[in-house]
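Visitor: Quick one: this structure, given as structure tokens, is what I'll be asking you about.
Each reported figure results from applying straightforward, stated rules to the coordinates on display, with no laboratory input. As the structure is a computational prediction, the values presented were derived from the model and not from experiment. All Cβ positions, glycine included, derive from the backbone under ideal geometry; neighbour counts span all protein chains shown.
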Amino acid sequence: MTCGRGVEPEGEVMGRRSFLARCAAVLGAAIAAVLGSTGLSYFISPAFKKDEEDWVDVGGTKDIRPGAPVKVDFVARKRDAWAVTEKRSSAWVATKDGREFTAFDPRCTHLGCPYRWDQAKEQFLCPCHAAIFDAGGAVVSGPPPRPLDRYDAKVVNGRLLIQPIPRRRAA
Ligand code: FES
């Protein structure tokens, strides 16, 4: 076949077409690999994460005055692989200086009754078996085997955040 002006030899056209087809196939495979790995990691990664709970914002620190513990309610979200569960809970939050805060598990360490703060006595009182805890959560009297359990707490931009997993404290 002669090669006129504007007409390419048939073998050259076929070579270019097959080259472009291969390039398209390689590009398509690369895109599929990137998208596939991203999608796969999105679906698989939760399975490799340990159970975790997020910090929970329980309010502004200016609402908590020194010497007057406040009970705060919150919703804790727990992530376990793909499942997210929510649980309503609360904490007693106290501060001595308005800068550092302590968050107590609201359950008595004897048998788990809810206790309350008595401002006149400046103590936590558990009505179930007459336990008394001081403002720092230490047992003053009664049957509880250990101080009040605590949540980890931190202040970020004037907001109090707690990690809603109570930490058991030694007796
Ligand atoms: S549950 Fe609080 S004293 Fe028994």
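Visitor: Cut-off 14 Å, label point 7 angstrom out along Cα-to-Cβ of ASN157: give me the residues of region 60-104 whose amide nitrogen falls inside.
Guide: 60-61
Visitor: Let me check I've understood the local charge: for PHE101, count other residues with C-beta under 14 angstrom from its C-beta, Lys and Arg +1, Asp and Glu -1. What total comes out?
Guide: Values: positive: LYS62, ARG65, LYS71, LYS96, ARG99, ARG150, LYS154, ARG159; negative: ASP57, ASP63, ASP97, GLU100, ASP152.
Around PHE101, the charge tally is +3.
Visitor: Same structure again: With 20 Å as the cut-off, how large is the P(r) tail for region 71-129, expressed as percent of Cα-Cα pairs? Walk me through the numbers on the way to the answer.
Guide: Working: 696 of 1711 pairs.
Taking all Cα-Cα pairs of region 71-129, the fraction more than 20 Å apart is 41 percent.
Visitor: Along the Cα→Cβ direction, 7 angstrom out, place labels at GLU100 and ARG77. What is the inter-label distance in nm?
Guide: Placing both labels 7 Å beyond Cα along the Cβ direction yields 3.1 nm.
Visitor: Using a simple spin-label model with points 7 Å from Cα along the Cα→Cβ vector, what separation in nm is obtained for ALA138 and ARG167?
Guide: It works out to 1.8 nm between the two label points.
Visitor: Something else about it: With a sphere of radius 10 Å drawn around the Cβ of ARG146, what net charge do the other residues whose Cβ falls strictly inside it have (Lys, Arg +1; Asp, Glu -1)? Spell out each step's value before the answer.
Guide: Working: positive: ARG168, ARG169; negative: ASP149.
Residues close to ARG146 contribute a combined charge of +1.
Visitor: At 1.567 mPa s and 4 °C, plugging the Kirkwood radius over alpha-carbon pairs of region 52-167 into Stokes-Einstein gives what diffusion coefficient in µm²/s? Don't skip to the answer; put the middle values down first.
Guide: Values: Rh = 14.6 Å.
Answer from the Stokes-Einstein relation: 89 µm²/s.
Visitor: Which of LYS62/LYS154; LYS96/LYS121; LYS121/LYS154 have a Cα-Cα distance over 19 Å?
Guide: Among LYS62/LYS154; LYS96/LYS121; LYS121/LYS154, the Cα-Cα distance tops 19 Å for LYS121/LYS154.
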